[in-house]
Every structure is written in C-alpha cells, then in structure tokens.
Amino acid sequence: MGARSREIRLRALADAPDAFGSRYEDELGSGEAEWRAWITGWEGARNAMVVAEAGQDWVGIAVGSRSGEEPDAHLYSMWVDSAWRRRGLGARLVEEVVSWARSWGARAVELGVTHSNEAERFYERLGFRPTGESGPLREGSELLVLVLRYELT
C-alpha cells in the first residue's frame, strides 16, 4: 500500500503543485517510513486514507486526520486524476472522510484550499464554509490558503 500511496501522491503533487502545502520535489525523496506515516498518521495524528479506484488504478485520494483528542477532523491531500474529474468521485471521497469523522464523534471537518481555486467552489457546494482564517500555502509562497469548515453537529 505504501508504494501505491506514494505513486498517487506524487501524481497529485505533479498535477496540481499549487493545491498542496507539500512540493513534489520535497516528497520525491521520502522513504517507506514517511509514506506509511502519511497513510496512518504522523506526530500523534491518526489518519484515514480513502481512494477512488478504476479497475486496478487509483484515480483519486483523500486523507482524513485527527490530531490527539482534538474534536475536529482535517481533510488533506484531496485529489482526483484529471481524466476522472466531474464524475462525482471528489464528492464521494469527501463524503467518506466526513463519514469517518462522524464515526468518532468529530464536531467538524476543516481543510485548507488555495484561494480563487476551482476547488474552493467545489468544497462550498459540499457545505464547507469559510472560517475567516487564511495564510500562505507554504513558506515563500504568494498563494493564499483559506480554511473552510464543515459542521457535523
């Protein structure tokens, strides 16, 4: 699973470099331990990875994460291969992460999305709302990321 996770993550980073806090060049050299932690959780977080499959191929991914006993879940790394977009896969991936968050009693699901990105409108259609929080995509980036929140309670 680690190799397949690595492959789809690198595809996502190459396809949409301005959509993620990480960069392709930085993650390319990550070892097996880092990829396994990305799937299961890092620094005390518990992650739930969801994939969309087409035959044997992984064509979409989303990661839900919970840090410690924090009452909110986070949605990271949401991506669908361009050949499979506009077929409802993205919405289903988000729904799976939301269901996972509900299963342990989360109050809400939060995510960061690049401002003026088509994804911002996608998440708002799914019920995510701006929190008013924002910040740079990553150190040195001029792109702004908005924090969106989906209330579960």
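The values are calculated or read from the model by the stated rules, or taken from the named source; none is laboratory data. The structure presented is a predicted model; accordingly, all values stated were derived computationally and were not measured. A quick note on method: Cβ atoms are made from the backbone with ideal geometry, for glycine too, and the neighbour counts reach across all protein chains shown. Remember, those area values only see protein heavy atoms, side chains included, never the ligands or the DNA or RNA. Shrake-Rupley method; radii C 1.70, N 1.55, O 1.52, S 1.80 Å.
Peptides 92-98, 63-69 ranked from most to least packed by the mean count of surrounding Cβ atoms within 10 Å: 92-98, 63-69. Across q = 0.11, 0.20 Å⁻¹, the chain modelled as identical point scatterers on its alpha-carbon atoms has Debye log10 I(q)/I(0) values of -0.40, -1.49, in the order of the q list. The listed residues Thr131, Thr114 rank as Thr131, Thr114 when sorted by accessible area, largest first, using a 1.4 Å probe.
Highest mean packing comes first when the peptides 118-126, 6-14 are listed by Cβ atoms within 10 Å, giving 6-14, 118-126. In the chain, helices alone account for a calculated mean residue ellipticity at 222 nm of -10000 deg cm²/dmol, with every DSSP H run of four or more residues adding -39,500 (n - 2.57). Kindly work out what percent of the DSSP beta bridges joining two residues of the chain are antiparallel, to the nearest 5. Of the beta bridges lying entirely in the chain, close to 90 percent run antiparallel.
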